1. Being within 25 Å of the chain's Cα centre (by Cα) and of a type in the set (Val, Ile, Thr) narrows it down to one of Val198, Val219, Val191, Val212, so name that one.
2. Ile77 passes all but one of (1) out of contact with any helix residue (DSSP H, G or I) (no Cβ under 9 Å at 6 or more places or on another chain); (2) surrounded by fewer than 19 Cβ atoms within 10 Å (Cβ to Cβ); (3) part of a strand (DSSP E or B); which number fails?
3. I want to confirm something. Restricting to region 142-199 and keeping residues that are part of a loop (DSSP other than H, G, I, E, B) and in contact with a Cys (Cβ under 9 Å, 6 or more places away or on another chain), which single residue is surrounded by the most Cβ atoms within 10 Å (Cβ to Cβ)?
4. Looking at region 411-434, is at least one residue surrounded by fewer than 23 Cβ atoms within 10 Å (Cβ to Cβ), of a type outside the set (Lys, Arg) and closer than 16 Å to Ala359 by Cα?
5. Would you call Glu267 farther than 22 Å from Glu397 by Cα and at pLDDT below 95?
6. Residue check: is Phe227 out of contact with any helix residue (DSSP H, G or I) (no Cβ under 6 Å at 6 or more places or on another chain), surrounded by fewer than 19 Cβ atoms within 10 Å (Cβ to Cβ) and of a type in the set (Phe, Trp, Tyr)?
7. Let me confirm something: among Asn73, Asn142, Asn117, which residue is of a type in the set (S, T, N, Q) and at negative phi?
Amino acid sequence: MKNSGDAVFLYVAPDGSDSWSGRTPTPNRFKTDGPLATLRHALEVVRELKRQQDGTLKQPVTVLIRGGTYFLNEPLIFKPEDSGTLNHPVCFAAYPGEKPVVSGGRLLTGWKQTVVNGRKLWVAEIPETSGGKWFFRNLWVNGHRCTRARSPNKGYFKIAGVPDVTPETKWNEGQNCFRFFEGDLKAWSTVDEGEIVVMNRWVESRLPITRVEEEEHTVCSSRRSVFRLEPGDLYYVEHVYELLDSPGEWFLDRNSSMLYYIPLPGEEPSKVEAVAPVLSELIRFEGKPEEDLFVENLFFQGLAFAHAEWFFKENPDSGKPSIGGFPQAAIGVPGSIHGDGVRNCIFEDCTFTHLGNYALELARGCQNNRVAGCRFFDLGAGGVKIGETLIREAENEQTYGNEVTGCHIYEGGRFFHSAVAILIGQSYNNRVTRNHIHDFYYTGVSIGWTWGYGRSLAKGNIVESNHIHHIGVLSNGEGPILSDMGGVYTLGVQPGTVVRLNLIHDVAGLRYGGWGIYFDEGSTNIIAEENIVYNTSHGGFHQHYGRENIIRNNIFAFGREAQIQRTRPEQHVSFVFERNIVYWREGSLLTGRIGDLGFVFDHNLYWKEGDGEILFGEFSWEEWRKRGMDRNSLIADPLFNAPDKYDFSLKPESPAFKLGFTARLTRNRSLFKNLI
């Protein structure tokens, strides 16, 4: 290795060799020494250095990785003994100006052009892996995510009926059969290799097909849906050979291991780069927080992580079909990088892309880590998962103090549609700041995993200065396909959690529930302040039920069905709604169950474009105020500079200022522009 002062440098390159020293970035002219070839061997060299120094690094170590793709045969595993120290961290970084990719995939070669049943296709034989036949559900050609042969090619079918559902069937009891409309499905020869993907409530269910009865218009699966299926639920069918009919589509025959692909215009077999995933994990951090042993002080900079996927295990041999999905947020889908007991580690300027699962998961006992300036896109599930669904008793095993900042997270939920961009479970004191999040079918940022008023570890989380948009409905106009979502979504008792200075817009649910800020079951002691929320299908703010939340100094504009919603009355103050501006042109102002008046409204400014009386639910303005609400509020034009252009900055003479409105997004134009 090469020393520079106290620092140690090690090099890895595609043209390197693990028999070399790794002391130089390029091979010498005799090809007898130069960079290493694999990240795994580089890690072993760092381990050996630590052993030579009695287990504690005496200087920082940097592994510089040259540009190229490094295909892994198994995940890279970091253990506590691989840790750096606060003063002497271990850094795995891109060589200056180059872009290395850490891949869990394998290149597909041997493409041949052929014609099958009159179709011009490419075909390649898929080799076996160490685990036997290689079957995958994601494929990327020339960096483009390809589509499993599907129908319809665009849009969705609708369920015609569900024979197993009765009036006694509970909403959370799933089914494995439903009826389809004439012509939507057929008993194709490869139908038993296909999957039905049903969108129902706020989740998708992936249902492997066992049979299609054309005369009865019935399809059945080896798995059952997450929730009770309903007529009108959207679905599509994929991975059936007979549906292979559009450029960019593919089908992998399980029996013959032959891969069929319809090329996009301009693609040539000799020049194409096709990659399919072999691994579900790229990196695993194996800390032991229960023993106070952490993987810590590691720094990953400028690396790209790609080509991993995960899927359910095969059905167990039992009489009852297993469930083809998860109850919310694709919670059971793991991260391609998974950590237990990770502390004081940093991912900076990294790229996570072409993945079939969540990108990065900081699970049990992950503390004070930072994810900064990273890009997450083309994700089968979501971006970052922090914490678990379990409440850990020991502080060492609890997850807290992590930060996701300055990241761009987009084009998620491509396989598991209900995944979210940033998911915080039973975890506290995390910060989600200055991220750009968009194009997810479900929620942008989700916090909490306790439904109701029971014990929760999700407290003190800060969601600040993020730009969150095109949630539910995508920027290309696709969707919505799911319901019951939010730009920011919360659950449970969360003292100290603050949702502040976020720009949230273009959120839409299918049947219901496209809200900007959504305080769901038991959300308590949360503050939402100085946010701008607009263009939502069902409202800027919704509280299902909860206690003593504060909603202040926000702008809620252009809700379609409603602007503000409160659903469940309870014997306490649900929330305080003060110094907000509500501006709309269609839909109601306030909806839900509000007759008990179990909330506080005051010092707000309301304005509806056009004529017509403003009603607060069933109450007129006068009746509303007589009941103690909005006694110091106004109905007046807030005098936005250009609301039609979504410029909600206020003119100096705005009446909002007389009410104490102080939202910084309307005053700091540079911050507002940065968020856009």
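1. Testing whether each residue is within 25 Å of the chain's Cα centre (by Cα) and of a type in the set (Val, Ile, Thr) leaves just Val198.
2. In the conditions (1) out of contact with any helix residue (DSSP H, G or I) (no Cβ under 9 Å at 6 or more places or on another chain); (2) surrounded by fewer than 19 Cβ atoms within 10 Å (Cβ to Cβ); (3) part of a strand (DSSP E or B), Ile77 misses (1) alone.
3. Among those residues, the one meeting the criterion is Asn176.
4. yes
5. For Glu267, the condition - farther than 22 Å from Glu397 by Cα and at pLDDT below 95 - is met.
6. no
7. Asn73
Rundown of residues vs (1) part of a strand (DSSP E or B); (2) farther than 23 Å from Gly479 by Cα; (3) without any contact (Cβ under 8 Å) to a residue 24 or more places away in the chain, yes/no style:
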site: Glu215; (1), (2), (3): no, yes, yes
site: Leu229; (1), (2), (3): no, no, no
site: Val237; (1), (2), (3): yes, no, no
site: Asn255; (1), (2), (3): no, yes, yes
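The values are calculated or read from the model by the stated rules, or taken from the named source; none is laboratory data. Just so we're clear, the structure is a prediction, and the values are computed from it rather than from any experiment. Quick reminder, even Gly has a Cβ in these numbers, built from the backbone with ideal geometry, and neighbours come from all protein chains shown.
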